[in-house]
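A.B. asks: Please see the structure below; I have some questions.
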Number of protein chains: 2
Amino acid sequence: MGAVRRKLTRAGLSGLLVTHLPDLRYLSGFTGSSAALAVTRRSARLFTDGRYTAQAAAEVKSAQVEIVPRAPAACAVQWMAAQAGVEFAGFDPAWTSVAELSRLKEALPARLRRSFLVPVAAPLVEALRLVKDEDELRIMGEAALTGCRLFEHLLGFLKPGLMEIEVAAELEYQARLLGAEGMSFETIVASGPRSALPHGRATTARLPRRGFLTLDFGIIHDGYCSDMTRTVYFGTPRPKERNAYHAVLEAQESAVAAVGAGVSCGDVDEAARSVLRKAGLADAFTHSTGHGVGLEIHEAPRLGAGQTMRLQAGMVVTIEPGVYLPGEFGIRIEDMVAVTRDGGQVLTPAPKALIEL
Amino acid sequence: MGAVRRKLTRAGLSGLLVTHLPDLRYLSGFTGSSAALAVTRRSARLFTDGRYTAQAAAEVKSAQVEIVPRAPAACAVQWMAAQAGVEFAGFDPAWTSVAELSRLKEALPARLRRSFLVPVAAPLVEALRLVKDEDELRIMGEAALTGCRLFEHLLGFLKPGLMEIEVAAELEYQARLLGAEGMSFETIVASGPRSALPHGRATTARLPRRGFLTLDFGIIHDGYCSDMTRTVYFGTPRPKERNAYHAVLEAQESAVAAVGAGVSCGDVDEAARSVLRKAGLADAFTHSTGHGVGLEIHEAPRLGAGQTMRLQAGMVVTIEPGVYLPGEFGIRIEDMVAVTRDGGQVLTPAPKALIEL
């Protein structure tokens, strides 16, 4: 809470409304689905409804809790407006709808409607969330290892003829048994020519006797997301397939090796992209190299071409180049990497050499 | 598309920007995760990126498709502004963030920035989605029946000592095998005293030798959500527990019987609430009686106290009263009901009499 107050002061604000749930959880510890947090330079108060009385009391340490019968965000804004010395309160325009902003303004006294609520120029809380502390890194490491364990389990389960949805079902079943709170996004199981779809959700298609299978999945552990991708082969790859796999693997390892505090996100992307360019596969790599991950599956930074943001120690990013040849096949390899002072620590140590099943 | 054009005309608009994905899917058939749809009185155009070229061509029938390298919504707005006769375009303020609106305005020529984009006073597309057509009712009926099949399967699986997460894992595994695209919300498995939590996500708590178990879950089938709740008992219920169960069941059946075209949502809520009031359980029924369901798990209408909206034939709503006695137990029973001209058709015909396991 101290860090966000320093940011408030630097932004010339005397209060901040926090409604985006991952931000709110990050600052207060509250995991319920309906709440608003008001932070001023002197105090912090979390507003939620009667369903969460017991839960808020147990979870929230850094703010007072007030149970309210009406919209928590409107109550939070009214409370800030009534505090001495709070002249302007920031809100996050990326997570406040046009309709919600109207409602919040209507909840204010008429004289404050035009001036009190100010959109923050840059996201204050998301900026804090970028760099993970020791506890967060421990939790994310555990989440990533659970992902690796699931992949290992699947290696003994996969066989030609299974439906993609059976693979997803098995994966999600085992994830639950390992204690996952849920999956961090819709599981991707894309086999044969479907592996050329970067976001191929599991269907009733059957795993081929010969061809690739891409598995991209993540779990939620203690609120934090994991994310990993492996591509395996059934049968013996054709030379073109094997070459493409090796190019993606080299691109992926090259980008992992490029990670380190002070390196620009664009340079990490280029480390992967230049390998695929040399392999004649530049056009087949249709997305960016990776993204931040944490309480949300997609967070800042974005590791794409030309991105100038520099990595900092404690950030956790994915490194996931891929190539997609429509109608033929696709390949993607993805690790989670924690940025350290002098490099990057791979959190997902599952094998990456081509596995032929 | 004809219906939304009539609504446009009535609202005095010459164009509409659709970015909320369920609305966009409803109007165009597109199921991808990044797109914007522009509807004018004369034509409709869907903007998406290169990942979705093949998918958009296959899915979108009622609009032209344009693949764009930049933000689809900005492209949609620019396209509308360039069409002859399009002076004002509506956008949905509930699904447009303050930041997104700024970006859309910046994408417009300077002379149009203040006037071109107009927030629609009432949601145009969500209003259309309220009443389901025959195809939608068929799909939702199938989704609901899959839910019932899952509940039946679980009756043979449940036993004291299992962890709640094992129950959720089994449920979600079987859902996948039955072809579900996913779960429509986080599965609720709340046993023993945890049944008193209206939103008790599955934990490592073990099913009791004596006590209630509440299962609240839904699947996604062809994009549409199902939603149902059953509460069962392990062992022999105490008189207080049995009485409470019967009160909830009577309240639920009373509200189902109250459903029909022309009936106000508040009256359906009152049908359930009055039964629980007579049973001395009014304070333990801490939420509303139900909600609309369709492409989203929570849609209009809301079946709560005082809601004046009237049901129409073709709406699909949940009827789910519950009672929650913190530290003791909770009970909820929920069906999906399709509103018909002269009543309601229960889409979830799973047994509701108290099951003792």
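The values are calculated or read from the model by the stated rules, or taken from the named source; none is laboratory data. Note that the structure is a prediction, hence the values are computed from the model and not measured. No Cβ is skipped: glycine too gets one built from the backbone with ideal geometry, and neighbour counts run over all protein chains shown.
A.B. asks: I'd like the full set of residues that are aliphatic (A, V, I, L, M) and either out of contact with any Ser or Thr (no Cβ under 8 Å at 6 or more places or on another chain) or in a helix (DSSP H, G or I) (or both), limited to the stretch B:183-216. So that I can check it myself, show each step before the final result.
C.D. replies: Taking the stretch B:183-216 as the starting set, the residues that turn out to be aliphatic (A, V, I, L, M) are B:183, B:188-190, B:196-197, B:202, B:205, B:207, B:213, B:215.
Across the stretch B:183-216, the qualifying residues are B:Met183, B:Ala196, B:Leu197.
A.B. asks: Then there's this: Of everything in the stretch A:124-136 that's buried (at least 17 other Cβ atoms within 10 Å of the Cβ) and assigned to a helix (DSSP H, G or I), which residue is farthest from the other protein chains (Cβ to nearest Cβ)?
C.D. replies: A:Glu136
A.B. asks: Wholly within the stretch B:292-345, which strands (runs of 3 or more DSSP E) include no fewer than the required count, namely at least 2 residues that are farther than 27 Å from B:Asp23 by Cα?
C.D. replies: Numbers: elements: B:299-303, B:316-319, B:322-325, B:329-332, B:335-340.
Per the criteria, B:322-325, B:329-332.
A.B. asks: Exactly one condition in (1) within 14 Å of chain A (Cβ to nearest Cβ); (2) free of Cβ contacts under 8 Å to residues at least 12 places away in the same chain; (3) surrounded by fewer than 17 Cβ atoms within 10 Å (Cβ to Cβ) is false for B:Asp222; which is it?
C.D. replies: Failed condition: (2).
A.B. asks: If a residue must be in a loop (DSSP other than H, G, I, E, B) and not acidic (Asp, Glu), how many such residues does the stretch B:167-182 contain? First the steps, then the outcome.
C.D. replies: First pass over the stretch B:167-182, keeping only residues in a loop (DSSP other than H, G, I, E, B): B:178-181.
Filter again for not acidic (Asp, Glu), leaving B:178-180.
The number of residues fulfilling the criteria is 3.
A.B. asks: A further question on this structure: Within the stretch B:249-297, can you find the residues that are within 22 Å of B:Gly330 (Cα to Cα), out of contact with any helix residue (DSSP H, G or I) (no Cβ under 8 Å at 6 or more places or on another chain) and within 14 Å of another protein chain (Cβ to nearest Cβ)?
C.D. replies: B:Asp283
A.B. asks: Turning to a different aspect of this structure: Go through B:Ser254, B:Ser274 for me and flag whichever is assigned to a helix (DSSP H, G or I), among the hydroxyl-bearing types (Ser, Thr, Tyr), at pLDDT 95 or above and farther than 25 Å from B:Leu137 by Cα. Even if it seems obvious, please write down each step before you answer.
C.D. replies: Details: B:Ser254 fails: farther than 25 Å from B:Leu137 by Cα.
Within the list B:Ser254, B:Ser274, the selection yields B:Ser274.
A.B. asks: Which ones in the stretch B:255-298 are under 22 Å from the mean Cα position of the chain (by Cα) and polar (S, T, N, Q)?
C.D. replies: B:Ser264, B:Thr286, B:Ser288, B:Thr289
A.B. asks: What number of residues within the stretch A:140-153 satisfy the criterion of being among the aliphatic types (A, V, I, L, M), buried (at least 19 other Cβ atoms within 10 Å of the Cβ) and more than 13 Å from chain B (Cβ to nearest Cβ)? Outline the logic, then answer.
C.D. replies: Within the stretch A:140-153, the first condition is being among the aliphatic types (A, V, I, L, M), and the residues that meet it are A:140, A:143-145, A:150.
So of that shortlist, the ones also buried (at least 19 other Cβ atoms within 10 Å of the Cβ) come out as A:140, A:143-144, A:150.
If we keep only those that are more than 13 Å from chain B (Cβ to nearest Cβ) as well, we get A:140, A:143-144.
Final tally of qualifying residues: 3.
A.B. asks: Answer with yes or no whether B:Val248 is under 21 Å from the mean Cα position of the chain (by Cα) and not in a loop (DSSP other than H, G, I, E, B). I'd like the intermediate steps shown before the answer.
C.D. replies: Details: under 21 Å from the mean Cα position of the chain (by Cα): no; not in a loop (DSSP other than H, G, I, E, B): yes.
When the stated conditions are applied, B:Val248 does not pass them.
A.B. asks: For the stretch B:319-334, check the following and say yes or no: at least one residue is farther than 28 Å from B:Gly192 by Cα and touching a helix residue (DSSP H, G or I) at 6+ places or on another chain (Cβ under 6 Å).
C.D. replies: Initial filter on the stretch B:319-334 (farther than 28 Å from B:Gly192 by Cα): none.
No.
A.B. asks: Can you tell me which residue among A:Ala169, A:Ala121, A:Ala180 is within 13 Å of chain B (Cβ to nearest Cβ) and under 20 Å from A:Pro349 (Cα atoms)?
C.D. replies: On the way: A:Ala169 fails: under 20 Å from A:Pro349 (Cα atoms); A:Ala121 fails: under 20 Å from A:Pro349 (Cα atoms).
That would be A:Ala180, the only listed residue that is within 13 Å of chain B (Cβ to nearest Cβ) and under 20 Å from A:Pro349 (Cα atoms).
A.B. asks: Which condition from (1) charged (D, E, K, R); (2) over 20 Å from B:Gly161 (Cβ atoms); (3) in contact with a strand residue (DSSP E or B) (Cβ under 9 Å, 6 or more places away or on another chain) is the one that B:Arg201 breaks?
C.D. replies: Unmet condition: (2).
A.B. asks: What residue, of B:Phe151, B:Phe116, B:Phe157, B:Phe185, is more than 29 Å from B:Gly322 (Cβ to Cβ) and of a type in the set (Phe, Trp, Tyr)?
C.D. replies: Numbers: B:Phe151 fails: more than 29 Å from B:Gly322 (Cβ to Cβ); B:Phe157 fails: more than 29 Å from B:Gly322 (Cβ to Cβ); B:Phe185 fails: more than 29 Å from B:Gly322 (Cβ to Cβ).
Every option except B:Phe116 fails the conditions.
A.B. asks: Could you check how many residues of the stretch A:60-88 are within 14 Å of chain B (Cβ to nearest Cβ) and either crowded, with 17+ Cβ neighbours inside 10 Å or under 26 Å from the mean Cα position of the chain (by Cα) (or both)?
C.D. replies: Number satisfying all stated conditions: 2.
A.B. asks: On to the next question. Restricting to the stretch B:155-166, what's the tally of residues that are touching a residue at least 40 places away in the same chain (Cβ under 8 Å), within 14 Å of chain A (Cβ to nearest Cβ) and part of a helix (DSSP H, G or I)?
C.D. replies: Of all residues in the stretch B:155-166, those touching a residue at least 40 places away in the same chain (Cβ under 8 Å) come to B:155, B:158-164.
If we keep only those that are within 14 Å of chain A (Cβ to nearest Cβ) as well, we get B:162-164.
Narrowing the set further to residues that are part of a helix (DSSP H, G or I) leaves B:164.
Total meeting the criteria: 1.
A.B. asks: Regarding B:Gly280, is this residue over 24 Å from B:Thr187 (Cβ atoms), assigned by TED's automatic domain parsing to the domain that holds B:Tyr324, in contact with a strand residue (DSSP E or B) (Cβ under 6 Å, 6 or more places away or on another chain) and part of a loop (DSSP other than H, G, I, E, B)?
C.D. replies: Numbers: over 24 Å from B:Thr187 (Cβ atoms): yes; assigned by TED's automatic domain parsing to the domain that holds B:Tyr324: yes; in contact with a strand residue (DSSP E or B) (Cβ under 6 Å, 6 or more places away or on another chain): no; part of a loop (DSSP other than H, G, I, E, B): yes.
Answer is no for this residue.
A.B. asks: Return only the number of the condition from (1) closer than 15 Å to B:Val118 by Cα; (2) under 26 Å from the mean Cα position of the chain (by Cα); (3) more than 14 Å from every other protein chain (Cβ to nearest Cβ) that B:Ala94 does not satisfy.
C.D. replies: Status for B:Ala94: all satisfied but (3).
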